[in-house]
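Readers should treat all values here as calculations from the given coordinates under stated rules, not as data from a laboratory. Because the structure is a prediction, the values reported are computed rather than measured. Don't worry about glycine lacking a Cβ; one is built from the backbone with ideal geometry, like all the others, and counts go over all protein chains shown.
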Amino acid sequence: MAKHIWSVTCQNAIVDKHTNLVSYINSFDQIGIPELPYAFPPLVVASLWKRESDEEDLVIKIEVIAPDGEVKKEKELSDIKFNSNFHRTHIRISPFEINQAGEFKIIIKEKTKKKWKKVKQLPIIIDFQEKEDAK
């Protein structure tokens with residue numbers, strides 16, 4: 001297993017091809033929305049992993065869970081190769097419709113030999129702010 005170091009949700013991740021520096025654009029953990037239903041914006045789940053052994057490939061899964069427990073999105077990446085002791089992943093989640101406000105959970109799991117192990121859970125609060133009628 002690789003060791004999960006950190007994760008963040010953002011709108012975009014840009015890697016400079018010359019320096020390998022990363023910019024995480026518009027990191028967020030809360031979104032105010034004007035109406036329901038609403039299109040959850042595209043997001044990137046960015047993570048840093050540390051290799052624990054030389055013969056290690058990383059298999060991870062991202063789940064987006066609604067406040068009522070429904071799995072809204074799921075994305076799996078397999079056979080991620082480590083070229084050094086550390087590896088960054090930037091997983092893009094496409095937009096999806098939400099019908100409720102509350103705490104959505106971004107679950108990051110790593111596949112072990114026998115099962116999926118949750119390594120991180122990130123909250124994203126959806127705050128429904130009803131528009132007041134203009135008078």
query = Among LYS17/LYS115; LYS72/LYS118; LYS17/LYS113; LYS17/LYS72; LYS72/LYS115, which pairs are too far apart, with a Cα-Cα distance over 29 Å?
reply = LYS17/LYS115; LYS17/LYS113; LYS17/LYS72
note = A chain fully extended from ASP29 to TRP6 at 0.36 nm per residue, minus the present Cα-Cα distance, gains in nm 6.8 nm
message = Given contacts defined as C-alpha pairs under 8 Å and at least six residues apart, what's the relative contact order of the chain, whole-number percent?
response = 30 percent
remark   = Rounded to two decimals, the Debye log10 I(q)/I(0) of the range 1-50 (Cα scatterers, no solvent) at q = 0.14, 0.21, 0.22, 0.27 Å⁻¹ is -0.49, -0.85, -0.89, -1.07
remark   = Note on the chain: the mean projected area of its alpha-carbon convex hull, in nm², is 9.7 nm²
task = Could you work out how far apart the two model spin labels at PHE96 and LYS115 are, taking each label as a point 7 Å from the Cα in the direction of the beta carbon, and quote it in nm?
result = 2.3 nm
